[in-house]
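What follows is one structure encoded as C-alpha coordinates, with my remarks underneath.
The values are calculated or read from the model by the stated rules, or taken from the named source; none is laboratory data. Quick caveat, the model's predicted, so the values are computed rather than measured. Here Cβ is always computed from backbone atoms with ideal geometry, including for glycine, and neighbour counts include all displayed protein chains.
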Amino acid sequence: MVSIPQMEPWFDESEAIAVYKYMQSGGWGMEFRRTRELEGMIADLTGSKFCAMTVNGTISLTVALLALGLKAGDEAIVPNLTMIATANAAALLGVKPVFVDVEPTTLCTDLVEATRKVTKKTKVLVYVSFNGRSGNMKNVVRFCRDNHIYLVEDAAQALGSFWQGKHLGTFGDIGSFSLSVPKIITTGQGGILVTNKRKYFEKICRIKDFGRNRGGIDIHNEWGWNFKYTDIQAVIGIEQMKKLPWRVKRKREIFARYREGLKNTREVEFLRTNLSDTSPWFIDIFVPDPVKLSRFLSEQGIGTRRIYPPLTSQKIYKSADDSDRFPATEKYASRGLWLPSSSRLTNKEIDTVVDYIKRYYTSKVS
(Lines give C-alpha, C1' and ligand atoms only; values in the text may rest on other atoms or scores of the structure.)
Protein backbone atom coordinates (compact mmCIF):
# COMPACT_ATOMS: atom_id res chain seq x y z
CA MET A 1 0.00 0.00 0.00
CA VAL A 2 1.45 3.38 -1.03
CA SER A 3 1.34 6.29 1.36
CA ILE A 4 1.33 9.71 -0.27
CA PRO A 5 0.06 12.57 1.92
CA GLN A 6 -1.91 15.41 0.41
CA MET A 7 0.50 17.88 1.98
CA GLU A 8 3.39 17.91 4.44
CA PRO A 9 5.86 20.55 5.66
CA TRP A 10 9.53 20.21 4.78
CA PHE A 11 12.20 20.96 7.34
CA ASP A 12 15.70 19.54 7.48
CA GLU A 13 18.93 19.95 9.42
CA SER A 14 19.37 23.56 8.27
CA GLU A 15 16.39 24.75 10.35
CA ALA A 16 17.46 22.61 13.32
CA ILE A 17 21.03 23.90 13.24
CA ALA A 18 19.90 27.51 12.81
CA VAL A 19 17.53 27.31 15.80
CA TYR A 20 20.19 25.62 17.92
CA LYS A 21 22.78 28.28 17.06
CA TYR A 22 20.27 31.02 17.80
CA MET A 23 19.42 29.56 21.20
CA GLN A 24 23.12 29.08 22.00
CA SER A 25 23.75 32.73 21.11
CA GLY A 26 21.53 33.90 23.96
CA GLY A 27 18.61 35.06 21.85
CA TRP A 28 15.49 35.86 23.84
CA GLY A 29 13.10 34.35 21.29
CA MET A 30 11.00 37.49 20.98
CA GLU A 31 10.61 39.58 17.82
CA PHE A 32 13.89 41.37 17.20
CA ARG A 33 16.79 41.31 14.73
CA ARG A 34 16.03 37.97 13.08
CA THR A 35 12.47 39.07 12.40
CA ARG A 36 13.82 42.23 10.76
CA GLU A 37 16.11 40.02 8.64
CA LEU A 38 13.21 37.85 7.50
CA GLU A 39 11.09 40.91 6.75
CA GLY A 40 13.92 42.25 4.60
CA MET A 41 14.10 39.00 2.61
CA ILE A 42 10.36 39.06 1.96
CA ALA A 43 10.41 42.74 0.99
CA ASP A 44 13.19 42.01 -1.49
CA LEU A 45 11.34 39.02 -2.95
CA THR A 46 8.08 40.90 -3.42
CA GLY A 47 9.59 44.25 -4.37
CA SER A 48 7.83 45.96 -1.46
CA LYS A 49 9.18 48.93 0.46
CA PHE A 50 7.90 47.68 3.80
CA CYS A 51 7.19 44.30 5.38
CA ALA A 52 5.86 43.40 8.84
CA MET A 53 5.51 39.94 10.37
CA THR A 54 2.62 38.95 12.59
CA VAL A 55 1.16 35.85 14.21
CA ASN A 56 -0.87 34.30 11.37
CA GLY A 57 -2.66 35.02 8.11
CA THR A 58 -6.03 35.71 9.70
CA ILE A 59 -4.60 38.33 12.03
CA SER A 60 -2.54 39.84 9.21
CA LEU A 61 -5.75 40.49 7.25
CA THR A 62 -7.45 41.93 10.33
CA VAL A 63 -4.47 44.20 11.01
CA ALA A 64 -4.52 45.35 7.39
CA LEU A 65 -8.16 46.38 7.69
CA LEU A 66 -7.46 48.13 10.98
CA ALA A 67 -4.54 49.99 9.45
CA LEU A 68 -6.84 51.28 6.70
CA GLY A 69 -9.32 52.56 9.27
CA LEU A 70 -12.14 50.08 8.76
CA LYS A 71 -14.64 49.81 11.60
CA ALA A 72 -17.85 48.10 12.61
CA GLY A 73 -20.63 48.75 10.13
CA ASP A 74 -18.35 49.04 7.11
CA GLU A 75 -18.54 46.48 4.31
CA ALA A 76 -15.81 44.42 2.64
CA ILE A 77 -16.25 42.67 -0.70
CA VAL A 78 -15.04 39.07 -0.33
CA PRO A 79 -15.11 36.16 -2.81
CA ASN A 80 -17.49 33.36 -1.93
CA LEU A 81 -14.81 30.79 -2.80
CA THR A 82 -11.97 31.19 -0.32
CA MET A 83 -10.73 29.90 3.01
CA ILE A 84 -13.06 31.16 5.72
CA ALA A 85 -10.29 33.27 7.30
CA THR A 86 -10.75 35.87 4.54
CA ALA A 87 -14.25 36.66 5.72
CA ASN A 88 -13.61 36.05 9.42
CA ALA A 89 -10.81 38.63 9.47
CA ALA A 90 -13.39 41.28 8.52
CA ALA A 91 -16.12 39.92 10.78
CA LEU A 92 -13.73 40.09 13.74
CA LEU A 93 -13.92 43.89 13.46
CA GLY A 94 -17.67 44.02 12.89
CA VAL A 95 -17.04 44.66 9.19
CA LYS A 96 -19.66 42.90 7.08
CA PRO A 97 -18.30 40.49 4.44
CA VAL A 98 -20.29 40.96 1.24
CA PHE A 99 -19.91 37.81 -0.85
CA VAL A 100 -19.31 37.84 -4.59
CA ASP A 101 -19.04 35.08 -7.16
CA VAL A 102 -15.73 34.20 -8.80
CA GLU A 103 -14.49 34.06 -12.37
CA PRO A 104 -14.63 30.49 -13.71
CA THR A 105 -11.27 30.97 -15.44
CA THR A 106 -9.30 31.95 -12.31
CA LEU A 107 -11.58 31.35 -9.30
CA CYS A 108 -10.79 34.93 -8.27
CA THR A 109 -13.34 37.70 -7.64
CA ASP A 110 -15.65 38.44 -10.56
CA LEU A 111 -15.40 42.23 -10.85
CA VAL A 112 -18.64 42.48 -12.85
CA GLU A 113 -20.48 40.80 -10.01
CA ALA A 114 -18.58 42.89 -7.47
CA THR A 115 -19.79 46.09 -9.12
CA ARG A 116 -23.35 45.08 -8.25
CA LYS A 117 -22.45 44.68 -4.59
CA VAL A 118 -20.85 48.09 -4.01
CA THR A 119 -22.77 50.32 -1.61
CA LYS A 120 -22.05 53.49 0.33
CA LYS A 121 -20.77 51.27 3.13
CA THR A 122 -18.25 49.45 0.94
CA LYS A 123 -14.74 50.37 2.03
CA VAL A 124 -12.49 47.61 0.68
CA LEU A 125 -12.13 44.80 -1.81
CA VAL A 126 -10.33 41.82 -0.30
CA TYR A 127 -8.95 40.18 -3.42
CA VAL A 128 -7.88 36.54 -3.04
CA SER A 129 -5.30 35.15 -5.45
CA PHE A 130 -6.79 31.67 -5.34
CA ASN A 131 -4.10 29.00 -5.46
CA GLY A 132 -1.52 31.49 -6.67
CA ARG A 133 -3.60 32.67 -9.65
CA SER A 134 -5.07 36.07 -10.28
CA GLY A 135 -7.22 37.85 -12.78
CA ASN A 136 -6.14 40.97 -14.60
CA MET A 137 -4.65 42.99 -11.75
CA LYS A 138 -4.83 46.27 -13.71
CA ASN A 139 -8.59 45.82 -13.79
CA VAL A 140 -8.65 45.01 -10.07
CA VAL A 141 -6.72 48.19 -9.24
CA ARG A 142 -8.97 50.21 -11.56
CA PHE A 143 -12.11 48.76 -9.97
CA CYS A 144 -10.99 49.92 -6.53
CA ARG A 145 -9.91 53.34 -7.77
CA ASP A 146 -13.17 53.93 -9.65
CA ASN A 147 -15.22 52.92 -6.62
CA HIS A 148 -13.02 54.86 -4.16
CA ILE A 149 -12.32 51.82 -2.02
CA TYR A 150 -9.16 50.20 -0.67
CA LEU A 151 -7.56 47.09 -2.12
CA VAL A 152 -6.26 44.46 0.30
CA GLU A 153 -4.76 41.39 -1.35
CA ASP A 154 -5.22 38.09 0.45
CA ALA A 155 -2.21 36.42 -1.14
CA ALA A 156 -1.97 33.70 1.52
CA GLN A 157 -1.57 31.05 -1.21
CA ALA A 158 0.59 33.14 -3.53
CA LEU A 159 4.09 33.52 -2.13
CA GLY A 160 6.32 33.14 -5.19
CA SER A 161 3.51 33.93 -7.68
CA PHE A 162 3.34 36.90 -10.02
CA TRP A 163 1.12 38.67 -12.52
CA GLN A 164 3.00 39.96 -15.55
CA GLY A 165 6.25 39.92 -13.60
CA LYS A 166 4.95 41.76 -10.52
CA HIS A 167 4.56 39.79 -7.31
CA LEU A 168 0.98 39.19 -6.19
CA GLY A 169 0.18 40.97 -2.96
CA THR A 170 1.87 44.19 -4.13
CA PHE A 171 -0.83 45.72 -6.34
CA GLY A 172 -3.04 47.02 -3.56
CA ASP A 173 -2.74 49.20 -0.50
CA ILE A 174 -1.65 46.24 1.63
CA GLY A 175 -0.89 42.61 0.79
CA SER A 176 -1.15 39.67 3.16
CA PHE A 177 0.59 36.27 3.08
CA SER A 178 0.51 33.20 5.31
CA LEU A 179 3.25 30.92 6.63
CA SER A 180 0.96 28.24 8.07
CA VAL A 181 2.00 24.60 7.79
CA PRO A 182 0.52 23.76 4.35
CA LYS A 183 2.09 26.76 2.60
CA ILE A 184 5.04 26.56 0.21
CA ILE A 185 7.27 27.63 3.08
CA THR A 186 6.21 27.63 6.72
CA THR A 187 7.19 28.65 10.22
CA GLY A 188 4.33 26.67 11.77
CA GLN A 189 2.19 29.78 11.86
CA GLY A 190 2.89 33.28 10.67
CA GLY A 191 1.40 36.22 8.80
CA ILE A 192 3.10 38.72 6.51
CA LEU A 193 2.01 42.21 5.53
CA VAL A 194 3.62 44.19 2.72
CA THR A 195 2.95 47.74 1.58
CA ASN A 196 4.61 50.61 -0.21
CA LYS A 197 2.94 53.21 2.03
CA ARG A 198 4.96 54.25 5.06
CA LYS A 199 1.85 55.48 6.89
CA TYR A 200 0.24 52.04 6.64
CA PHE A 201 3.43 50.29 7.69
CA GLU A 202 3.83 52.50 10.75
CA LYS A 203 0.17 51.97 11.65
CA ILE A 204 0.60 48.19 11.29
CA CYS A 205 3.64 48.26 13.58
CA ARG A 206 1.73 50.18 16.25
CA ILE A 207 -1.35 47.95 16.04
CA LYS A 208 0.67 44.77 16.55
CA ASP A 209 2.61 46.25 19.49
CA PHE A 210 -0.16 47.38 21.87
CA GLY A 211 -0.67 50.71 20.07
CA ARG A 212 2.56 52.27 21.31
CA ASN A 213 4.88 54.29 19.15
CA ARG A 214 7.96 52.29 20.09
CA GLY A 215 8.84 49.31 22.22
CA GLY A 216 9.64 49.65 25.91
CA ILE A 217 7.52 52.80 26.36
CA ASP A 218 4.18 52.09 28.00
CA ILE A 219 2.30 55.06 26.56
CA HIS A 220 -0.62 53.99 24.38
CA ASN A 221 -2.26 56.69 22.29
CA GLU A 222 -4.26 54.32 20.10
CA TRP A 223 -5.67 50.82 20.11
CA GLY A 224 -3.26 47.95 19.66
CA TRP A 225 -2.69 44.34 20.66
CA ASN A 226 0.13 41.87 20.98
CA PHE A 227 0.31 40.47 17.44
CA LYS A 228 4.09 40.28 17.30
CA TYR A 229 6.15 37.52 15.72
CA THR A 230 9.07 35.68 17.33
CA ASP A 231 12.72 35.46 16.37
CA ILE A 232 12.59 31.68 16.82
CA GLN A 233 10.03 31.51 14.01
CA ALA A 234 12.07 34.01 12.01
CA VAL A 235 15.18 31.84 12.24
CA ILE A 236 13.17 29.00 10.72
CA GLY A 237 11.66 31.35 8.16
CA ILE A 238 15.07 32.59 7.01
CA GLU A 239 16.13 29.02 6.25
CA GLN A 240 12.81 28.32 4.52
CA MET A 241 13.17 31.45 2.39
CA LYS A 242 16.53 30.19 1.11
CA LYS A 243 14.66 27.16 -0.26
CA LEU A 244 11.79 29.11 -1.80
CA PRO A 245 13.22 29.53 -5.35
CA TRP A 246 13.69 25.78 -5.72
CA ARG A 247 10.27 25.04 -4.26
CA VAL A 248 8.57 27.52 -6.62
CA LYS A 249 10.25 25.77 -9.54
CA ARG A 250 9.31 22.35 -8.22
CA LYS A 251 5.65 23.29 -7.63
CA ARG A 252 5.41 24.36 -11.26
CA GLU A 253 6.99 21.10 -12.39
CA ILE A 254 4.56 19.09 -10.25
CA PHE A 255 1.52 20.88 -11.67
CA ALA A 256 2.82 20.41 -15.21
CA ARG A 257 3.45 16.69 -14.68
CA TYR A 258 -0.04 16.09 -13.28
CA ARG A 259 -1.59 18.08 -16.13
CA GLU A 260 0.38 16.20 -18.78
CA GLY A 261 -0.36 12.84 -17.20
CA LEU A 262 -4.11 13.47 -17.04
CA LYS A 263 -4.60 15.43 -20.25
CA ASN A 264 -6.48 12.60 -21.94
CA THR A 265 -8.69 11.81 -18.95
CA ARG A 266 -11.81 13.65 -20.03
CA GLU A 267 -13.39 13.65 -16.56
CA VAL A 268 -10.51 15.72 -15.14
CA GLU A 269 -10.43 19.49 -15.66
CA PHE A 270 -7.46 21.73 -14.89
CA LEU A 271 -7.77 25.50 -14.81
CA ARG A 272 -5.63 27.25 -17.38
CA THR A 273 -2.50 28.20 -15.46
CA ASN A 274 0.43 30.28 -16.64
CA LEU A 275 3.32 28.48 -14.98
CA SER A 276 5.75 31.26 -15.92
CA ASP A 277 4.05 33.42 -13.30
CA THR A 278 2.07 31.07 -11.08
CA SER A 279 3.42 28.74 -8.44
CA PRO A 280 0.35 26.67 -7.53
CA TRP A 281 -0.06 26.16 -3.80
CA PHE A 282 -2.04 22.94 -4.17
CA ILE A 283 -2.66 20.94 -7.32
CA ASP A 284 -6.35 21.47 -8.02
CA ILE A 285 -8.47 19.36 -10.34
CA PHE A 286 -12.20 19.45 -11.02
CA VAL A 287 -14.10 16.21 -11.49
CA PRO A 288 -17.75 15.08 -11.53
CA ASP A 289 -17.43 12.99 -8.37
CA PRO A 290 -14.71 14.35 -6.04
CA VAL A 291 -16.04 12.57 -2.95
CA LYS A 292 -15.95 9.14 -4.60
CA LEU A 293 -12.59 9.78 -6.24
CA SER A 294 -11.17 10.98 -2.92
CA ARG A 295 -12.45 7.85 -1.19
CA PHE A 296 -10.95 5.63 -3.88
CA LEU A 297 -7.56 7.34 -3.66
CA SER A 298 -7.65 7.11 0.14
CA GLU A 299 -8.09 3.36 -0.16
CA GLN A 300 -4.83 3.33 -2.13
CA GLY A 301 -3.04 5.33 0.58
CA ILE A 302 -3.22 8.63 -1.33
CA GLY A 303 -4.31 11.75 0.54
CA THR A 304 -6.56 14.40 -1.01
CA ARG A 305 -8.53 17.37 0.25
CA ARG A 306 -11.79 18.89 -0.94
CA ILE A 307 -11.74 22.48 -2.12
CA TYR A 308 -13.52 24.98 0.15
CA PRO A 309 -17.32 24.98 0.12
CA PRO A 310 -19.00 28.31 -0.65
CA LEU A 311 -18.78 30.59 2.38
CA THR A 312 -22.50 31.26 2.04
CA SER A 313 -23.08 27.55 2.72
CA GLN A 314 -21.33 27.78 6.08
CA LYS A 315 -23.65 27.95 9.08
CA ILE A 316 -22.20 31.21 10.39
CA TYR A 317 -22.66 32.98 7.05
CA LYS A 318 -25.74 31.26 5.70
CA SER A 319 -28.53 33.74 5.07
CA ALA A 320 -32.23 33.12 5.27
CA ASP A 321 -32.39 34.93 1.94
CA ASP A 322 -31.03 32.46 -0.60
CA SER A 323 -32.03 34.54 -3.62
CA ASP A 324 -28.40 35.42 -4.34
CA ARG A 325 -26.74 32.93 -6.66
CA PHE A 326 -23.06 32.11 -7.09
CA PRO A 327 -22.95 29.74 -10.07
CA ALA A 328 -19.18 29.64 -10.63
CA THR A 329 -18.46 29.22 -6.93
CA GLU A 330 -21.03 26.45 -6.61
CA LYS A 331 -19.84 24.66 -9.73
CA TYR A 332 -16.15 24.59 -8.85
CA ALA A 333 -16.59 24.07 -5.13
CA SER A 334 -18.74 21.02 -5.79
CA ARG A 335 -16.20 19.52 -8.22
CA GLY A 336 -12.87 20.59 -6.73
CA LEU A 337 -10.25 18.27 -5.30
CA TRP A 338 -6.70 19.00 -4.19
CA LEU A 339 -4.25 16.24 -5.06
CA PRO A 340 -0.98 15.49 -3.23
CA SER A 341 0.93 18.75 -3.53
CA SER A 342 4.02 18.74 -1.32
CA SER A 343 7.19 20.01 -2.96
CA ARG A 344 8.74 16.79 -1.58
CA LEU A 345 6.72 14.71 -4.06
CA THR A 346 8.82 12.60 -6.40
CA ASN A 347 7.97 12.13 -10.06
CA LYS A 348 7.30 8.47 -9.29
CA GLU A 349 4.72 9.43 -6.65
CA ILE A 350 3.02 11.86 -9.02
CA ASP A 351 2.85 9.16 -11.69
CA THR A 352 1.37 6.76 -9.14
CA VAL A 353 -1.43 9.22 -8.33
CA VAL A 354 -2.04 9.82 -12.04
CA ASP A 355 -2.20 6.08 -12.72
CA TYR A 356 -4.75 5.49 -9.97
CA ILE A 357 -6.95 8.36 -11.22
CA LYS A 358 -6.84 6.91 -14.72
CA ARG A 359 -7.63 3.46 -13.33
CA TYR A 360 -10.60 4.85 -11.40
CA TYR A 361 -12.18 6.44 -14.46
CA THR A 362 -11.32 3.53 -16.77
CA SER A 363 -13.00 1.08 -14.42
CA LYS A 364 -16.09 3.27 -14.30
CA VAL A 365 -16.34 3.24 -18.09
CA SER A 366 -15.85 -0.51 -18.28
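Kindly establish whether D324 is at pLDDT 95 or above and among the acidic types (D, E). Let's see the steps before the verdict.
Working: at pLDDT 95 or above: no; among the acidic types (D, E): yes.
No.
So which residues in segment 17-41 are hydrophobic (A, V, I, L, M, F, W, C) and either assigned by TED's automatic domain parsing to the domain that holds T304 or within 21 Å of N226 (Cβ to Cβ) (or both)? Don't jump to the end; show me each part of the working.
First, pick out the residues of segment 17-41 that are hydrophobic (A, V, I, L, M, F, W, C): 17-19, 23, 28, 30, 32, 38, 41.
W28, M30, F32, L38 - these are the residues of segment 17-41 that are hydrophobic (A, V, I, L, M, F, W, C) and either assigned by TED's automatic domain parsing to the domain that holds T304 or within 21 Å of N226 (Cβ to Cβ) (or both).
Within segment 69-100, work out how many residues are farther than 19 Å from R116 by Cα and either polar (S, T, N, Q) or modelled with pLDDT under 95 (or both).
Final tally of qualifying residues: 3.
Please find, within segment 284-311, the residue that is nearest to Q157 (Cα to Cα) out of those that are hydroxyl-bearing (S, T, Y) and buried (at least 19 other Cβ atoms within 10 Å of the Cβ).
Y308
Go through segment 167-206 and give me each residue that's within 11 Å of the chain's Cα centre (by Cα) and either part of a loop (DSSP other than H, G, I, E, B) or of a type in the set (S, T, Y) (or both).
Matches in segment 167-206: L168, G169, S176, S178, L179, S180, P182, K183, I184.
With the requirement that a residue be in contact (Cβ under 8 Å) with a residue 24 or more places away in the chain and assigned to a loop (DSSP other than H, G, I, E, B), what does segment 240-265 give you?
Matches in segment 240-265: L262, T265.
Would you mention how many residues in segment 210-234 are small (G, A, S) and touching a residue at least 40 places away in the same chain (Cβ under 8 Å)? I'd like the intermediate steps shown before the answer.
Taking segment 210-234 first, the residues small (G, A, S) are 211, 215-216, 224, 234.
Now drop any that are not touching a residue at least 40 places away in the same chain (Cβ under 8 Å), which leaves 234.
Residues in segment 210-234 being small (G, A, S) and touching a residue at least 40 places away in the same chain (Cβ under 8 Å): 1 in total.
For residues that are surrounded by 22 or more Cβ atoms within 10 Å (Cβ to Cβ) and not in a loop (DSSP other than H, G, I, E, B), scanning just segment 125-142, find the one that is farthest from the chain's Cα centre (by Cα).
The initial filter retains those residues of segment 125-142 that are surrounded by 22 or more Cβ atoms within 10 Å (Cβ to Cβ), namely 125-134, 140.
From what's left, not in a loop (DSSP other than H, G, I, E, B): 125-128, 130-132, 140.
Details: L125: 16, V126: 12, Y127: 11, V128: 7, F130: 7, N131: 7, G132: 8, V140: 18 Å.
Top of the filtered list is V140.
Sort out which residues of segment 147-204 are touching a Cys at 6+ places or on another chain (Cβ under 8 Å) and either under 22 Å from L81 (Cβ atoms) or modelled with pLDDT under 95 (or both), and write them in order of number.
Y150, L151, G172
In the set S294, S334, which member is modelled with pLDDT of 95 or more, closer than 27 Å to V112 by Cα and more than 19 Å from the chain's Cα centre (by Cα)?
Details: S294 fails: closer than 27 Å to V112 by Cα.
Step by step, each of S294, S334 is checked, and only S334 is modelled with pLDDT of 95 or more, closer than 27 Å to V112 by Cα and more than 19 Å from the chain's Cα centre (by Cα).
Of all the residues that make up segment 19-68, how many are at pLDDT 95 or above, buried (at least 17 other Cβ atoms within 10 Å of the Cβ) and not in a helix (DSSP H, G or I)?
So the answer is 10.
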